[in-house]
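The values are calculated or read from the model by the stated rules, or taken from the named source; none is laboratory data. Not measured: the values here are computed from a predicted model. We place every Cβ from the backbone using ideal geometry, glycine too, and count neighbours over all the protein chains shown. To get the accessible areas, we keep the full protein, side chains included, count just its heavy atoms, and leave off ligands, DNA and RNA. Shrake-Rupley method; radii C 1.70, N 1.55, O 1.52, S 1.80 Å.
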Amino acid sequence: ATNFGIANAIEQNDAAEALREVALAFDGGAQPFFLMGQLRWVAEKMPRARLKDAIDAVFRTDEAIKSSGGDPRILLERLVVELCATASPKASRTWHPRQAPP
């Protein structure tokens with residue numbers, strides 16, 4: 001069975017739980033491409049007003065992972081935090097994988 005704990009936590013804007021789920025997934029041997037698939041799925045479910053930012057964040061992170069732009073775990077953790085912020089109407093800023101998070 002597929003565990004969508006990360007996606008569920010993001011949908012609830014619960015960054016702490018989403019990060020815990022990312023840690024559990026990595027500790028359990030999950031590969032970054034599997035987690036990217038889950039994060040892409042949840043990004044596609046974002047409200048229309050947030051959809052573009054969420055999809056852009058997924059693509060930036062995917063590109064950074066594929067081009068060795070940083071530690072995949074850290075890149076995915078940053079993406080999770082951004083998606084939680086994007087899910088919230090209070091989100092006003094996005095980060096770039098090669099920059100420090102806001």
Hey, can you tell me all the residues within region 29-46 that are basic (Lys, Arg) and not in a helix (DSSP H, G or I)?
45
Would you mind finding the one in 100, 91 that is surrounded by fewer than 17 Cβ atoms within 10 Å (Cβ to Cβ), hydrophobic (A, V, I, L, M, F, W, C) and at pLDDT below 90?
100
Residues that are open to solvent by 70 Å² or more (accessible area, probe 1.4 Å) and closer than 19 Å to residue 21 by Cα, drawn from region 46-78:
71, 73, 74
Top-ranked residue of region 9-37 - restricted to ones that are touching a residue at least 60 places away in the same chain (Cβ under 8 Å) and among the acidic types (Asp, Glu), ranked as least open to solvent (accessible area, probe 1.4 Å):
14
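Of all residues in region 79-89, which are within 16 Å of residue 16 (Cβ to Cβ) and of a type in the set (S, T, N, Q)? Break it down stepwise before answering.
Just the residues of region 79-89 that are within 16 Å of residue 16 (Cβ to Cβ), to begin with: 79-85, 87-88.
Correct list: 88 only.
Yes or no: residue 40 of a type in the set (Lys, Arg), under 19 Å from residue 65 (Cα atoms) and open to solvent by 70 Å² or more (accessible area, probe 1.4 Å)?
Values: of a type in the set (Lys, Arg): yes; under 19 Å from residue 65 (Cα atoms): yes; open to solvent by 70 Å² or more (accessible area, probe 1.4 Å): yes.
So residue 40 passes the test.
Mind listing whichever residues of region 79-88 are at pLDDT below 90 and either open to solvent by less than 20 Å² (accessible area, probe 1.4 Å) or of a type in the set (D, E, K, R) (or both)? Give the derivation first.
In the first step, residues of region 79-88 are kept if they are at pLDDT below 90; the result is 85-88.
Residue satisfying the conditions is 86 alone.
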For region 56-76, which positions are outside any loop (DSSP other than H, G, I, E, B) and either in contact with an Asp or Glu (Cβ under 7 Å, 6 or more places away or on another chain) or over 18 Å from residue 15 (Cα atoms) (or both)?
56, 57, 59, 60, 62, 63, 64, 65, 66
